[in-house]
1. Could you give the C-alpha radius of gyration of segment 195-344 expressed as a fraction of 2.2 N^0.38 Å, taking N as the number of residues it contains?
2. How far, in degrees from 0 to 90, does helix 422-431 lean away from the longest principal axis of the Cα atoms of the chain, to the nearest 10?
3. Once both axes come from the Cα atoms, what is the angle between helix 105-119 and the longest principal axis of the chain, in degrees from 0 to 90, rounded to 10?
4. Kindly list the residues of segment 1-31 that lie in the label zone of VAL130, defined by a backbone N under 12 Å from the point 7 Å along the Cα-to-C-beta vector.
5. When only Cα pairs under 8 Å and 6 or more residues apart are kept, what is the percent relative contact order across segment 321-407?
6. Tell me the per residue accessible area of the chain using a 1.4 Å probe; a whole number in Å² is fine.
7. Applying 1/(1 + (r/R0)^6) with R0 = 22 Å to the Cβ-Cβ distance of ILE10 and GLN262, what FRET efficiency is obtained, to the nearest 0.05?
8. Over 29 Å between Cα atoms: which of LYS128/LYS430; LYS109/LYS154; LYS109/LYS353 fall into that group?
Amino acid sequence: MNIIRYQQDIPISVEADIVIIGAGPAGCCAALAAAEAGCSTVLLEQAGFAGGMATAGLVGPLLGVYHWDSGKRIVDGIPYRILQEMERRGGADLTNKGMLVPFDPEIMKSVLDRMFRQSGVAVRYHTKFVKAVKQDSRLSYLVVADSRGLSAVKAKIFIDGTGNGDVAASAGVPFQNGSSDNSGFQPMTTVFRIGGVETAGIKDSENPETGYVATEIRKILLAAEKKGAVPKFGGPWIMRGSTLREGEAFVNIVRQWGDPSQPEELSFCEINGREDMFTLFNYMKQNIPALRRSFIIDSGAMVGIRDSRHFKGLGTLTLEQCLSQQDFDDSIALGGHIVDIHSTSRSNSQMRKTIPLYEIPYLTILVDEVDNLLLSGRMISVEYEVFASIRVMVTCMAIGQGAGTAAAIAVKQSLKPRSIPLPELSAFLKAGRVIRKCGEAEK
């Protein structure tokens with residue numbers, strides 16, 4: 001690659017106690033927790049709205065509210081407040097005990113905007129992260145870009161909520177790309193929504209025992225794939241994921257493999273994903289009676305991403321610790337979604353297995369290389385099989401509340417995040433109605 005040296009003076013556009021980069025499920029809850037704790041908080045987001053994969057990617061349903069095996073509710077606090085407000089406005093269904101919460105992305109955007117305004121979060125949409133600048137072991141500032149050009153963002157504590165860990169990678173935190181055996185990444189998905197659906201004619205669409213797969217449609221598509229009529233596909237999942245309206249369905253079927261941190265590969269997956277969407281939809285429309293009158297309403301503004309960078313933190317949560325339900329004094333959240341690994345080897349296979357409730361320790365969001373950076377969401381320091389459970393959006397939201405709370409304590413006590421008193425973190429989380437211990441899960 002040829003190099004051009006570019007240098008300029010840039011203004012400081014933001015100075016705050018805490019800056020969160022990325023307004024996805026984790027970043028939103030981190031920002032709300034920090035602001036509600038009384039810290040000046042700025043949330044930066046490259047899109048024009050919050051919600052990340054849930055709203056930009058139309059990824060649904062919302063998973064991680066309930067433990068897969070027992071059906072116990074394992075989240076409360078800020079994530080559950082968001083979901084309750086969405087339900088109050090007709091934008092979520094929390095009564096479905098099939099471990100999933102179908103939702104309306106537009107209502108989610110509005111609920112988040114209102115909560116930011118009420119809590120005092122300063123939101124900067126249309127702002128793209130460019131580079132992290134370190135001085136010794138601290139992030140000095142971030143370079144960001146908006147319509148005015150480049151500027152600097154300064155904070156006492158930064159929280160990476162980018163999903164792919166763009167800030168942490170730029171700051172030099174070590175990571176593993178994709179699966180632990182280096183076989184690649186779980187596939188990305190172009191999610192789309194369809195109307196004109198005879199929903200009663202789609203079997204198993206919300207049956208946990210089949211993993212919500214539309215089993216009869218899968219048989220038809222597998223036969224078509226063997227003949228070369230359709231490309232590789234997943235599921236299919238055709239259900240109420242990111243829509244609640246009668247006669248509509250969310251469709252998770254497209255499979256695109258690549259590294260989402262590389263723009264060339266990501267662009268290929270966006271373009272090819274849309275092509276595969278039409279190929280698969282047209283075949284289903286012609287061959288599935290319940291879809292004969294259906295039509296595509298929309299697709300995600302960006303492809304849905306499952307897998308990317310996985311960072312090395314001060315502590316790493318192992319599968320064995322989860323299986324044994326290890327007790328952590330520094331637990332910040334609970335997980336309990338199934339271990340769900342979509343093939344990294346370009347097949348339409350999927351590995352799914354249940355897992356007990358487990359605690360997520362604070363050390364998994366701390367990194368050794370940067371004193372004032374916290375991780376949040378699916379990038380945290382866990383073994384790959386654990387990642388395949390914690391990556392779902394509501395678990396990421398719970399991790400986000402933990403990160404925002406810890407950052408606020410560090411700011412208020414002028415401490416490094418790794419030095420905050422754990423009893424105080426536990427007390428703050430308890431006051432915020434966080435379910436952080438296995439014994440606290442709702443019966």
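1. Relative to the 2.2 N^0.38 Å estimate, segment 195-344 comes out at 1.25.
2. With rounding to tens, the tilt is 50 degrees.
3. Result, in degrees: 20.
4. Residues 6-13 fall inside that zone.
5. Details: 136 pairs, mean separation 28.8, N = 87.
Result for segment 321-407 is 33 percent.
6. Result: 40 Å² of accessible area for each residue.
7. Once rounded, the FRET efficiency stands at 0.25.
8. LYS128/LYS430; LYS109/LYS353
The values are calculated or read from the model by the stated rules, or taken from the named source; none is laboratory data. Just so you know, these numbers come straight off a predicted model, no measurement behind them. For neighbour counting, all protein chains shown are included, and Cβ atoms are generated from backbone atoms with ideal geometry for every residue, glycine included. Note: areas computed on protein heavy atoms with side chains; ligands, DNA, RNA excluded. Shrake-Rupley method; radii C 1.70, N 1.55, O 1.52, S 1.80 Å.
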